[in-house]
Amino acid sequence: MQLFNSLFLIVLALAALCIPASGKGGAGLRSARLTDASSFQGSLGDAMGEALGCGGQVDEKHLASIEKALLPMWNTLPKTTAGRVERRSLRYLVHRHFNRQSALHIRGFEPSRPMNGSDWGDSDILSQKVPAFVESVLQSKHKLEHGFALRDAALMVATLEQLIFESESAVLERIYHEQHKPADRSLSTQGLGQVLESYMIHWMMGADQDGIRILLSNRTLLETAFPHWKSLQEFVHGEVSSLEFKRQHAPVVSLSDASTRKGHNALTSRYSFDDAHSVVGGITRSFASFWESECTSMKHALVEMDTHNTGRVPMAKFYNSALETDWRFGESESYLRELGALDESSTWTGKQVLIANYIQATSNCIVSAPHYSVCCVNDCEAHLAEIEEAIGAPTARPSDLLALVGNMSSHMLLDDATPNLKGSLTQQLEEIAAAHGGLVPLRGRLFAQWLHYVFPRECPFPHKAGTAVAMSPIEFGEGYIATSEDMKKHALEANTTNISVAVDKDELEWMSQWSPEEELIADHTGRGLRAPWESSVTHIAWVGGALMLAAGLFGSTGRSKKATDGLLPVYGKSHFV
């Protein structure tokens, strides 16, 4: 009953998005309908079945599979005494799940988005397709006091999965209308290809309606303007072939997962609106894997410019490459700063582009929909997964982490070498533990920062909450591209920043960006873990609020004090984000 109370309005919101097929449209078409709240006073399962039945179902088997995927991350989240997690942890869990599974970044769940005691920080979730009263449920007194269970998290993931899938229906409907194809009639293979080709242009161009119109009317421009357009066509054709293969060789499975419909002749290549919708859903889930070759190409180009293995490229080299060979590296300095892809802390090397942060930046997300983005695969996820599987708890002793991480290989290093943790990195981890009663919180900003310096080319630098934003070029506006004059100005400095490879990276003060401020996604006091200055829960909340206010006023300009004797300060006052 508690679970029903916590997620009832989420189900209600889903039901408002799902509508029966109209007389003119196919089963995939939706139109607005009013929902009577009293009809949902049955069991949660019945309500979820009605809400999620449009275009797909979330049964117990699927929820169990989601829980299984979430479990390693769930085990390392701080819990209440009742074994539940706070809403900050729930948001973090959902973000990590979609990022790991499909390289999807759901708007409103970005780790960089600040949260406080009265705001979920999710006003942009699915472009407000989930109404405000759903947010009020997630902020309800009951859940704030008692937290969320693993099943709550699985239902949240299932809800978002379905909403993402359903959100593409409107684009398909528009394309059917533009091509004068009745949605209640089946399409030939050629007709489906026409729909999907137009869909890909709409999907990848997002809100650029003028660009969509121009590309649809100019085939030659389309093939030159879109990088790897032929490969994109082959990818889409592969998704259709996968659907056809499943129909012919696994008819029972096809019926159970709605890949085919009753009475359909598997030997006849005809496709309904729902078939097109199914292909589109597969494209969303697997597109990041297809596009990863392009992301890998960018990574390798940046790594070649990182001669000291710091995970950083001097801005001079970055723009020099853009001018000479690589058109992809053209973001302006102000846009890079907004994205959190700049390190401006070093007086030795000057401004540098953070490789991992840049690759994960919204500017490199190939699809930027109103409610989610399809981005490059996060290389750090593999390391996090290994740590979560091995530790299985919210905190760990530094000796255990050193033994574990010290044996991890990095594909960004020569011959997949293991990291060198001797010296300052070992001292830093021990200092983090000392600040938290001898244990390292795995969900703290300081550990994420330490992991960045262990794997600087793979794990993004964790900026303080609110100091970096996930903003697409269109959202940033004019000035997101550097002018040729600015590029040339920075490129002229290439010779002055071209430091000899013989210089050890420790001599470069390469950890000058280290920030001593801790940020925890949840309260660890339920486990008896406190920083030395935390005398009470009330004091934690007070300090947290004050520091969050200070971060909002000064966080973007503050610089941490340089290290002395090679060891950096590891913590200041900690707060929750």
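Laid out as a table, the results:
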| item | result |
| --- | --- |
| Pairs with Cβ under 7 Å, 6+ apart, first in segment 170-182 and part of a loop (DSSP other than H, G, I, E, B), second modelled with pLDDT under 90 and open to solvent by 50 Å² or more (accessible area, probe 1.4 Å) | none |
| Pairs with Cβ under 7 Å, 6+ apart, first in segment 417-428 and closer than 11 Å to residue 453 by Cα, second of a type in the set (Gly, Ala, Ser) and exposed (fewer than 15 other Cβ atoms within 10 Å of the Cβ) | 424/566 |
| Residue that is surrounded by the fewest Cβ atoms within 10 Å (Cβ to Cβ) [pool: residues in segment 67-81 that are among the β-branched types (Val, Ile, Thr) and modelled with pLDDT under 95] | 81 |
| Yes/no for residue 237 being on the phi > 0 side of the Ramachandran plot, of a type outside the set (Lys, Arg) and either open to solvent by 60 Å² or more (accessible area, probe 1.4 Å) or in contact (Cβ under 8 Å) with a residue 40 or more places away in the chain (or both) | no |
| Residues within segment 299-317 that are on the phi > 0 side of the Ramachandran plot and open to solvent by 30 Å² or more (accessible area, probe 1.4 Å), tallied | 1 |
| Qualifying positions in segment 348-379 - crowded, with 20+ Cβ neighbours inside 10 Å and assigned to a helix (DSSP H, G or I) | 355, 356, 357, 358, 359, 360, 362, 363 |
| So residue 337, is it surrounded by fewer than 19 Cβ atoms within 10 Å (Cβ to Cβ), in contact (Cβ under 8 Å) with a residue 24 or more places away in the chain and of a type in the set (D, E, K, R) | no |
| From the options 330, 311, 281, residue that is at pLDDT 85 or above and under 19 Å from residue 480 (Cα atoms) | 330 |
| Segment 393-425, subset modelled with pLDDT of 95 or more and assigned to a helix (DSSP H, G or I), residue surrounded by the most Cβ atoms within 10 Å (Cβ to Cβ) | 401 |
| Residues of segment 440-466 satisfying the condition of being open to solvent by 20 Å² or more (accessible area, probe 1.4 Å) and either among the basic types (Lys, Arg) or within 19 Å of residue 312 (Cα to Cα) (or both) | 448, 457, 460, 462, 463, 464 |
| Odd one out for residue 345, checked against (1) assigned to a loop (DSSP other than H, G, I, E, B); (2) open to solvent by less than 20 Å² (accessible area, probe 1.4 Å) | (2) |
| Any chance residue 241 is assigned to a helix (DSSP H, G or I), within 27 Å of the chain's Cα centre (by Cα), of a type outside the set (Asp, Glu) and closer than 25 Å to residue 294 by Cβ | no |
| All positions within segment 284-298 that are under 21 Å from residue 480 (Cβ atoms) and either at pLDDT 90 or above or open to solvent by less than 10 Å² (accessible area, probe 1.4 Å) (or both) | 295, 298 |
| Residue list for segment 318-334, restricted to those being part of a helix (DSSP H, G or I) and open to solvent by 10 Å² or more (accessible area, probe 1.4 Å) | 320, 321, 322, 323, 324, 333, 334 |
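Yes/no matrix, rows are residues, columns are (1) at pLDDT below 85; (2) under 18 Å from residue 280 (Cβ atoms); (3) surrounded by 17 or more Cβ atoms within 10 Å (Cβ to Cβ):
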{"residue": "189", "(1), (2), (3)": "no, yes, no"}
{"residue": "192", "(1), (2), (3)": "no, yes, yes"}
{"residue": "199", "(1), (2), (3)": "no, yes, yes"}
{"residue": "202", "(1), (2), (3)": "no, yes, yes"}
{"residue": "208", "(1), (2), (3)": "yes, no, no"}
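This table checks each residue for (1) of a type outside the set (Gly, Ala, Ser); (2) over 19 Å from the mean Cα position of the chain (by Cα); (3) not in a helix (DSSP H, G or I).
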{"residue": "427", "(1), (2), (3)": "yes, yes, no"}
{"residue": "432", "(1), (2), (3)": "yes, yes, no"}
{"residue": "436", "(1), (2), (3)": "yes, yes, yes"}
{"residue": "448", "(1), (2), (3)": "no, no, no"}
{"residue": "453", "(1), (2), (3)": "yes, yes, no"}
{"residue": "459", "(1), (2), (3)": "yes, no, yes"}
{"residue": "469", "(1), (2), (3)": "yes, no, yes"}
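The values are calculated or read from the model by the stated rules, or taken from the named source; none is laboratory data. The model shown is predicted, which means the values in this text are computed figures rather than measured ones. Quick reminder, even Gly has a Cβ in these numbers, built from the backbone with ideal geometry, and neighbours come from all protein chains shown. The area values use the complete protein model at the heavy-atom level, side chains included, leaving out ligands, DNA and RNA. Shrake-Rupley method; radii C 1.70, N 1.55, O 1.52, S 1.80 Å.
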